[in-house]
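The structure appears right after this line, and notes come after that.
The values are calculated or read from the model by the stated rules, or taken from the named source; none is laboratory data. Keep in mind it's a predicted model, so treat the numbers as computed, not measured. A quick note on method: Cβ atoms are made from the backbone with ideal geometry, for glycine too, and the neighbour counts reach across all protein chains shown. Surface accessibility is based on the protein's heavy atoms, side chains included, excluding ligands, DNA and RNA. Shrake-Rupley method; radii C 1.70, N 1.55, O 1.52, S 1.80 Å.
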Amino acid sequence: MRSFDLAPLYRATVGFDQMADLMDRVMSDTSGAQTYPPYNIEKTADDAWQIQIAVAGFTDEELSVEQRESALIVTARKAEEDERRTFLHRGIATRAFERRFALADHVRVTEATHVNGMLNISLVREVPEALKPRRIEIGGGRTVEARRVEAEDA
């Protein structure tokens with residue numbers, strides 16, 4: 001197992017602790033990589049993605065999609081089965097699972113659909129207007145207060 005010491009990053013930067021925590025989480029998750037259920041992450045636009053998870057054998061009621069702060073959590077719990085059924089071969093795994101995805105700032109889930117054994121989760125990044133780039137007017141030697149007074153007089 002690889003181990004990286006991120007302590008120098010913590011003491012040499014300010015405000016980047018979330019990035020270091022994310023790197024810690026990613027490095028620890030790869031050591032015991034979860035492979036069930038299989039999934040795809042597709043970029044559908046510049047600020048949009050879709051996660052597709054193979055959930056054959058689960059009903060809508062047995063699946064849960066939840067967004068908590070900066071995490072998307074998908075869980076499945078199979079309802080109790082009829083014990084009178086006897087399988088000669090059982091190749092479709094329907095074991096319970098919890099799959100977590102770390103989301104970037106301002107990414108939110110817009111839709112979740114379950115069609116033909118695939119759970120499709122659509123995500124979009126919606127940057128608030130206050131955080132979008134804006135053009136700042138350069139004044140011609142007048143102060144901000146002088147421009148306010150001129151605007152009020154007009």
Tell me the residue from ARG90, ARG85, ARG100 that is within 18 Å of ILE53 (Cβ to Cβ) and at pLDDT below 95, please. ARG100
If ILE53 satisfies all but one of (1) open to solvent by less than 70 Å² (accessible area, probe 1.4 Å); (2) under 11 Å from the mean Cα position of the chain (by Cα); (3) closer than 18 Å to GLU111 by Cβ, what's the number of the condition it fails? (2)
In the stretch 105-116, the residues that are of a type in the set (A, V, I, L, M, F, W, C) and surrounded by 10 or more Cβ atoms within 10 Å (Cβ to Cβ): VAL107, VAL109, ALA112
Cβ contacts < 6 Å: first residue under 11 Å from HIS106 (Cβ atoms), restricted to the stretch 117-141; second residue aliphatic (A, V, I, L, M) and open to solvent by 30 Å² or more (accessible area, probe 1.4 Å), any location; separation 6+ or different chain. Result? LEU123/VAL109
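Table: residues versus (1) touching a Lys or Arg at 6+ places or on another chain (Cβ under 8 Å); (2) farther than 19 Å from TYR36 by Cα; (3) open to solvent by less than 90 Å² (accessible area, probe 1.4 Å).
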{"position": "ASP46", "(1), (2), (3)": "no, yes, no"}
{"position": "SER70", "(1), (2), (3)": "no, yes, yes"}
{"position": "VAL74", "(1), (2), (3)": "yes, no, yes"}
{"position": "GLU81", "(1), (2), (3)": "no, yes, yes"}
{"position": "LEU88", "(1), (2), (3)": "no, yes, no"}
{"position": "GLY91", "(1), (2), (3)": "no, no, yes"}
{"position": "MET118", "(1), (2), (3)": "no, no, yes"}
{"position": "VAL124", "(1), (2), (3)": "yes, yes, yes"}
{"position": "PRO133", "(1), (2), (3)": "no, yes, no"}
